[in-house]
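So the structure is just underneath, and the comments pick up after that.
Derivation of every value follows stated rules applied to the coordinates shown; laboratory data play no part. Treat the numbers as computed from the prediction; the structure is a model and nothing was measured. Don't worry about glycine lacking a Cβ; one is built from the backbone with ideal geometry, like all the others, and counts go over all protein chains shown.
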Amino acid sequence: MAKNPLVLKSYNIVACDIDANAVSKCRSHQHGPKVRWQVGDFLKSRRPYGTDPVICLGGPPYTSGIGSRKMSRNLPQLFLDHCLKEWRSDFVAFFVPKRYAKQTLRIPDGWVCSTQDLQSSTFYFQGKVKVTQ
């Protein structure tokens, strides 16, 4: 989703995950730009800097927490709302499993929503188990 075309002249990269093991694993695999990693709940995070453009990229949570099997269908919407309201994002992109494909997100006026099916994706569950789907 994007408001306007965006050219970044300066930027900060902040990454947040509720799972300390996942953050540790990501830090160990990091190459390229400097990322400020935070362990915490993104939905409780605050925008840490002023007027620089913000791009939110992520995979919203799909359960009620680590070890929980309880699905929460509104977490992607909460993620989107937090990106737009608290972080005042200029661009939002996130990964949603196919089981959420039929979910309708409330998209604010003036924003464009586009979807793309990925052939596969890989992540580390709880920072330990490599999962490709």
Q) Using modelled backbone amide H atoms (1.01 Å from N, in-plane), which distant-in-sequence or interchain residues come within less than 5 Å of Cys16's amide H? A) Gln38
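Provide the net charge surrounding Lys128, with neighbours chosen by a C-beta distance below 14 Å and charges set as Lys +1, Arg +1, Asp -1, Glu -1. List each step's numbers first, then the result.
Numbers: positive: Lys25, Lys130; negative: Asp17, Asp19.
That works out to 0.
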Q | Label-reachable residues, the range 17-37, where backbone N falls under 12 Å from a point 7 Å from Ser45's Cα toward its Cβ | A | 17-19, 23, 35-37
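Under the 0.36 nm per residue contour assumption, what length would be gained going from the current alpha-carbon distance of Thr104 and Asp52 to full extension?
Details: separation 52, 0.36 × 52 = 18.72 nm, distance 2.99 nm.
Extra length from Thr104 to Asp52 when fully extended: 15.7 nm.
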Q) What net charge do the residues around Gly59 carry, taking every other residue with its C-beta under 13 Å from that of Gly59, with Lys and Arg at +1 and Asp and Glu at -1? A) -2
Q) Under 5 Å between amide H atoms, partner at least 5 residues away or on a different chain: which partners does Phe94 have, H built in plane at 1.01 Å? A) Gly58
Q) Hey, what do the phi angles of the range 39-46 turn into as Karplus ³J(HN,Hα) couplings, whole Hz, using 6.51/-1.76/1.60 and θ = phi - 60°, x for Gly and Pro? A) 9, x, 8, 4, 5, 10, 6, 10
Q. Which whole-Hz couplings ³J(HN,Hα) result when phi for each residue of the range 105-120 is put into the Karplus expression 6.51 cos²θ - 1.76 cosθ + 1.60, θ = phi - 60°, listed in order with x for Gly and Pro?
A. 9, 7, 9, x, 4, x, 10, 10, 10, 9, 10, 9, 7, 9, 5, 7
